[in-house]
Amino acid sequence: MKKRFLFALALLVLVLSGCQKSGPDAPSKNYFTLWNSCEALNALTEYVEDVTNPKSSNFIKAEDRIATFDMDGTFIGELYPTYFEYNLLEYRALDDPDYKDIAPEDVREAALEIRSFVRDGVPLPDHFDMKHAYAAAKAYAGMTLSEFDKYVKAYAKKQANGFKGMTYGESFYKPMLEVFKYLEDNVFTYYVVSGSDRFICRALVESLGIAPNRVIGMDVKLKSNKQGLEPGVNYTMGQEEYLERTDELIIKNLKTNKVLQIAQEIGKVPVLSFGNSGGDCAMHNYCLSNGLRSAAFMLIADDEARDHAKRAKALDLATRWREAGYYVISMRDDSKTIYGGAVQKVDFVFPTL
């Protein structure tokens with residue numbers, strides 16, 4: 001009888017020891033298996049632990065825990081050899097057999113400038129982001145939303161130029177995906193706020209489980225397929241109709257436009273902001289203007305071994321970002337991997353013209 005009692009007691013102790021505590025005193029789950037110990041990660045975890053602790057003077061209610069993430073260069077690649085949407089326009093206007101012979105001249109011109117940039121290092125013209133936006137609006141006009149989604153996903157299945165073992169659609173920064181999970185489990189709502197086309201972003205992040213209504217990007221005007229030129233305020237869409245893209249640009253979602261779109265669509269000032277370039281500074285500054293405790297992070301592409309980076313330029317930017325009050329995430333020093341251990345950086349390959 002005594003042996004049975006001792007066995008039962010030992011079993012109970014074992015079961016209880018396996019139970020996890022809940023609340024602020026619970027042991028921390030190891031979310032960051034792909035990170036090295038670093039200033040930025042320590043700052044992030046200290047911040048989250050502070051603002052989610054009901055006993056802290058910096059406590060933030062769950063409904064106000066809003067985080068915004070740029071996409072290209074922040075959690076998905078942009079160095080193969082340039083932005084996904086630039087690569088896509090180059091393909092659309094110059095290589096797509098169903099479109100290249102009918103591409104408008106200004107669309108071809110923008111695509112050729114991208115090609116000269118990635119192949120020969122010719123600098124893009126000033127304000128090329130807007131030139132690309134207008135050209136992209138024209139290049140996909142007339143596509144239904146379903147057709148465009150399939151078009152983007154088909155291109156995303158291509159081997160990412162400059163890498164072995166990875167498609168464009170797989171080119172996520174693995175350590176940054178751990179940040180998503182960490183914030184989600186701490187009841188933050190995060191949004192993608194990108195300069196790229198909203199529907200391109202939606203297609204690329206779908207595999208991550210990010211809902212379409214949490215994606216903000218460049219927008220073109222949509223219309224019903226039977227609407228013609230009649231304004232939407234005067235036209236009643238029928239049940240058998242569908243939406244298609246037009247060639248009319250609404251907004252290029254960069255710099256202060258990101259802030260305006262956050263205010264319009266989210267309706268709250270974020271308390272966390274993640275980016276990688278000057279196009280994200282306005283979003284960061286908006287976040288840091290919050291009356292709640294807030295923080296902003298800039299990722300720098302300084303890893304020349306695992307990515308097609310320029311370390312000297314990245315380090316100059318790191319100094320600039322720190323002076324602005326942002327935390328800096330080093331791809332080289334702070335991460336155990338970027339795209340995953342099976343992915344290798346290789347030379348860019350360009351088909352013969």
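From (1) aromatic (Phe, Trp, Tyr); (2) in the same structural domain as residue 334 (by TED's automatic domain parsing); (3) in contact with a strand residue (DSSP E or B) (Cβ under 7 Å, 6 or more places away or on another chain), pick out the condition that doesn't hold for residue 148.
(2)
Of all the residues that make up the stretch 306-353, how many are surrounded by 15 or more Cβ atoms within 10 Å (Cβ to Cβ), closer than 30 Å to residue 59 by Cβ and charged (D, E, K, R)?
1
Do we find that residue 106 is surrounded by fewer than 16 Cβ atoms within 10 Å (Cβ to Cβ), farther than 21 Å from residue 201 by Cα, out of contact with any Lys or Arg (no Cβ under 6 Å at 6 or more places or on another chain) and free of Cβ contacts under 8 Å to residues at least 12 places away in the same chain in this structure? If you could, list the steps in order and put the result at the bottom.
Working: surrounded by fewer than 16 Cβ atoms within 10 Å (Cβ to Cβ): yes; farther than 21 Å from residue 201 by Cα: yes; out of contact with any Lys or Arg (no Cβ under 6 Å at 6 or more places or on another chain): yes; free of Cβ contacts under 8 Å to residues at least 12 places away in the same chain: no.
Taking the combined requirement at face value, the residue does not satisfy it.
Could you look through the stretch 172-229, keep only residues that are acidic (Asp, Glu) and closer than 20 Å to residue 67 by Cβ, and pick out the one that is surrounded by the fewest Cβ atoms within 10 Å (Cβ to Cβ)?
Just the residues of the stretch 172-229 that are acidic (Asp, Glu), to begin with: 178, 184-185, 197, 206, 219.
The next check asks that each one be closer than 20 Å to residue 67 by Cβ; those that pass are 178, 184-185, 206.
Details: 178: 18, 184: 13, 185: 11, 206: 15.
Checking each candidate, the answer is 185.
Report yes if residue 303 is crowded, with 22+ Cβ neighbours inside 10 Å and acidic (Asp, Glu), otherwise no.
The answer is no for residue 303.
Of all residues in the stretch 178-190, which are touching a Phe, Trp or Tyr at 6+ places or on another chain (Cβ under 7 Å) and either within 21 Å of residue 251 (Cα to Cα) or of a type in the set (A, V, I, L, M, F, W, C) (or both)?
180, 183
The values are calculated or read from the model by the stated rules, or taken from the named source; none is laboratory data. Because the structure is a prediction, the values reported are computed rather than measured. A quick note on method: Cβ atoms are made from the backbone with ideal geometry, for glycine too, and the neighbour counts reach across all protein chains shown.
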